[in-house]
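Just so it is clear, none of the values below were taken in a lab; they were calculated from the coordinates. Bear in mind that the values here come from a model prediction, so they are computed numbers and not experimental data. Please note: Cβ atoms are built from the backbone with ideal geometry, for glycine as well, and neighbour counts cover all protein chains shown.
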2 protein chains.
Amino acid sequence: VVVLLAGGTGGAKLARGLLDEADELTVIANTADDVEIYGAHVSPDPDLITFWLADRIDERGWGLAGDSFHVMDGLRELGDEVWFNLGDRDLALCVRRTRRLAEGARLTEAIDEARRALGVHARVLPMCDAPVRTHVRARGQWHPFQEFMIRERAAGPVEDVELRGIEAARPTPEVLEALTSADAIVIGPSNPVISIGPILALVREAIQQAPAPVVAVSPLVRGTVVKGPTDEFLAWAGHPLTSEGIAAHYAGLLDGLVADERADSVPTLVTDVEMADHAARRRVAREVLDFSSALAG
Amino acid sequence: VVVLLAGGTGGAKLARGLLDEADELTVIANTADDVEIYGAHVSPDPDLITFWLADRIDERGWGLAGDSFHVMDGLRELGDEVWFNLGDRDLALCVRRTRRLAEGARLTEAIDEARRALGVHARVLPMCDAPVRTHVRARGQWHPFQEFMIRERAAGPVEDVELRGIEAARPTPEVLEALTSADAIVIGPSNPVISIGPILALVREAIQQAPAPVVAVSPLVRGTVVKGPTDEFLAWAGHPLTSEGIAAHYAGLLDGLVADERADSVPTLVTDVEMADHAARRRVAREVLDFSSALAG
């Protein structure tokens, strides 16, 4: 079993590649980006991963392929400023999750039901069932994560990051079991601070104790990030936007790094980590698995 | 100012007629049919009235004209049994209301904002701000109102009706002020028990003390009901499905009844009360207002 830690697009693309290349895949997804809006519990990262795994991701890079936006249109017609865009079928998924949570289901169960309903065979596990919410301070103000990303257009510099609720949160039994029994643990090319950070805050020790080799895939492609404000957050964390910066951020965890530039502090598989199409996603996944096997010796 | 007490379709059609015929119209709407579903606060009667007043009612008899149902389709795709159908733009309206209530707005304010957003000039007032929920006992079981109507297809006989929350509810200041200052009070041709009943449970005394004449429009057309299970509920209330039965149900309140059949106990304007098209809705509205003026002497 390959266990992948993932946040948004980068991690989700690698998950899709691993779905074809690994015997069995379990994705542990960040839920610190979750947001309650429109009466619904939105879990952007688990859903993005699920949509990718179901081959249902829309070309725009988020949401369900071909989804309509009539509820959002309706809100605008009523005078609302719609800052968080959510498709109609996407909303249905979130509304259903909210109902299941209200009925007493764990987030783990609600997300598992959704991936089954979408015909996904890999498991998608939220990192925890309790609410953890990333807040970002920028220009003197604290912003809930989605508001920072969308309303504030992720305008840094980032002054501080808080994972509110993290002290009370515990990794789920499913997450701990997946890590313990993993043949390979892969940290996906998602934002190391805000996507992978919350997961590691919960399972750092569990990963260190797990027998499987731990390989991170760098989110940097030719020295820059494909999507999202990784640079702002890495800068706040005090690490440069380089393979070595990524390796330093994951210090004490990694057996290897997959990146397009060598890191000094950790064995690096240097390869093109851009995953622009399905062939590239499979190739990177294959290389990650082979590298992991080699590290396991 | 004409004040209309209304529930669903019959009352809403008369409201649309009165909108053209009265100088000013305020509708007091039943909210005991409200239901929390899909993370949203659905107010079927106030919304139906608002859609009629905005000329936005769909030909199917409920919901917004031309609305799509993609969220419901999404829920079905995920395996949900969708028993309560709600259009996408309709859901947007309800989601917005839920948010406003969560922000501390009164239901009165949230419903007022919606009718303004839809360009309706008449006021639509919920009977109260507190939650009142009709429950119906049939075949030995209690059912929340919408579940009885939809899931149970209103299958009687009705054994009991409870307006849960009614003791704690109070008519709003807007409702009391509207009744006190009304020139005419009209009880619309909605279900006397489950649509008008909850309103009267709150404002019976206020209506009796109001100076305006009180005229009811019978929901019976040629001895039967156009829509909905009025017969089941009137039977439970112990009244026959006749003008006299309607008059008896409203005993102590009426100065006059508008119906297609004379009642013995109250002055009756005998006319065709069917409102199949816009001309008929205006005609009935006009006749109701003239009758009310005549009763006021």
Original post:
Taking amide hydrogens as modeled 1.01 Å from N in the peptide plane, which residues meet the under 5 Å criterion relative to B:Val161, leaving out close sequence neighbours?
Top reply: B:Arg137
Original post:
Sorted from shortest, what are the nm distances separating the label point of B:Pro144 from equivalent points in the other copies, each placed 7 Å from Cα along Cα to C-beta?
Top reply: 2.4
Original post:
Shortest first and in nm to one decimal, what separations exist between B:Gly119 and its copies in the other chains, measuring from label points 7 Å along the Cα-to-beta-carbon line?
Top reply: 4.3
Subject >> Summed residue charge, Cβ within 10 Å of B:Thr268's Cβ, Lys/Arg positive, Asp/Glu negative >> reply: -3
**OP:** Rounded to the nearest Å, what's the spacing between the alpha carbon centres of the stretch A:110-135 and the stretch B:116-187? Just the number, please.
**Re:** 39
Original post:
Inter-copy label distances at B:Glu162, 7 Å along the Cα→beta-carbon direction, one decimal in nm, shortest first?
Top reply: 4.4
Subject >> Hz values of 3J(HN,Hα) by residue in the stretch A:280-297 - Karplus curve (6.51, -1.76, 1.60), Gly and Pro given as x >> reply: 5, 5, 5, 4, 4, 4, 4, 5, 4, 5, 5, 4, 4, 4, 4, 5, 5, x
Subject >> Antiparallel %, DSSP beta bridges [both residues in chain A], to 5 >> reply: 45
Subject >> Where trypsin sites (Lys or Arg not before Pro) fall in DSSP loop in the stretch A:42-111, at most 13 other Cβ within 10 Å >> reply: A:Arg60
Subject >> About the Cα centre, charge dipole magnitude for the protein assembly as shown (Lys/Arg +1, Asp/Glu -1 at Cβ), debye >> reply: 80
Original post:
Taking the axis that carries chain A onto chain B, what is the nearest Cβ in chain A, and at how many Å, to the whole number?
Top reply: A:Gly39, 1
Original post:
When the Cα centres of the stretch B:1-75 and the stretch B:266-297 are compared, how far apart do they sit, in Å?
Top reply: 21
Subject >> Summed residue charge, Cβ within 13 Å of B:Met72's Cβ, Lys/Arg positive, Asp/Glu negative >> reply: -4
**OP:** Hey, can you grab everything whose amide H is under 5 Å from the amide H of B:Val221? Only 5+ residues off in sequence or another chain; H modelled, so Pro and N-termini drop out.
**Re:** B:Val226
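Can you give the extra length, in nm with one decimal, that the chain gains between A:Arg139 and A:Arg60 once fully stretched, where that is 0.36 nm per residue apart less the Cα-Cα distance?
25.5 nm
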Subject >> Three-way shape label, the protein assembly as shown, alpha-carbon gyration tensor, a/c 1.5 >> reply: prolate
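Hey, got a sec? Which GluC sites (Glu not before Pro) in the stretch B:38-82 land in a DSSP loop and have at most 15 other Cβ atoms within 10 Å?
B:Glu59, B:Glu81
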